[in-house]
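This report concerns only the one structure given below.
Every number here is computed from the coordinates shown, using simple stated rules; none is lab data. All values reported here derive from a predicted model rather than from experimental measurement. Cβ: placed from backbone, ideal geometry, glycine included. Neighbour counts: every protein chain shown.
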Amino acid sequence: MTISIKPTASGSTIEQDGSTILTVDGSGNISIANDLSVTGTAPIPDALSTATGSAPSYSARAWVYFDGTGTPSINASGDVSSITDYGVGQYGVNFTTNMPDANFSSSGATGGSRYHFLNTQITAESNSFVRISVEDTSTDSLDDDSKITVIVVG
């Protein structure tokens, strides 16, 4: 039996004795020949790996990019169900799936104004949301921003 992997213009194929048994297109979609059977399971890693070195790698549990002007609207997110508007420059980022506990870390940034600064607050320890505020440093007051990002790790 001979197994070969051949690159193609749109992806690659795996052949057994000259017959294509699996095709992977340029988007990563896999097509399997009709008479091929697969047994066993692929191993599932129990931790993330680090590219180099021995320091552990942690991924974001939640993240969001939203417009906080007017009625807040989410542009893109992961594990964020909604944004609560608590008033000018004050928001709650609500998680789709609660964090394991309230001992997580959050950070963020703003991009709509060069004078804005994002603050993630521990106003109430909760595993279901994080409260943030945006301050205009030129006036030392809370202000809405059109480009707000928040990331949660923990």
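Distance between the 7 Å Cα→Cβ label points at ASP17 and TYR115: 7.7 nm. Taking Lys and Arg as +1 and Asp and Glu as -1, the other residues whose beta-carbon sits under 15 Å from that of ASP145 total -4. Close amide H partners of ASP144, meaning residues 5 or more places away or on another chain with modelled amide H under 5 Å apart, are GLY89. All other residues whose Cβ lies under 12 angstrom from that of ASP136 are scored, Lys and Arg at +1 and Asp and Glu at -1, for a net of -4. Modelled this way, with points 7 Å down the Cα-to-C-beta line, the labels at LYS147 and THR2 are 5.6 nm from one another. Our coupling estimate for the range 90-104, obtained by passing each phi through the Karplus curve with A = 6.51, B = -1.76, C = 1.60 and θ = phi - 60°, is 10, 9, x, 9, 9, 7, 5, 10, 4, 5, x, 7, 8, 9, 10 Hz, Gly and Pro reported as x.
Taking Cα centre as origin and charging only the Cβ of basic (Lys, Arg, +1) and acidic (Asp, Glu, -1) residues, the dipole magnitude of the range 62-153 rounds to 180 debye.
Taking 0.36 nm per residue of sequence separation and removing the Cα-Cα distance, the ILE32/SER138 pair yields an extension gain of 32.1 nm.
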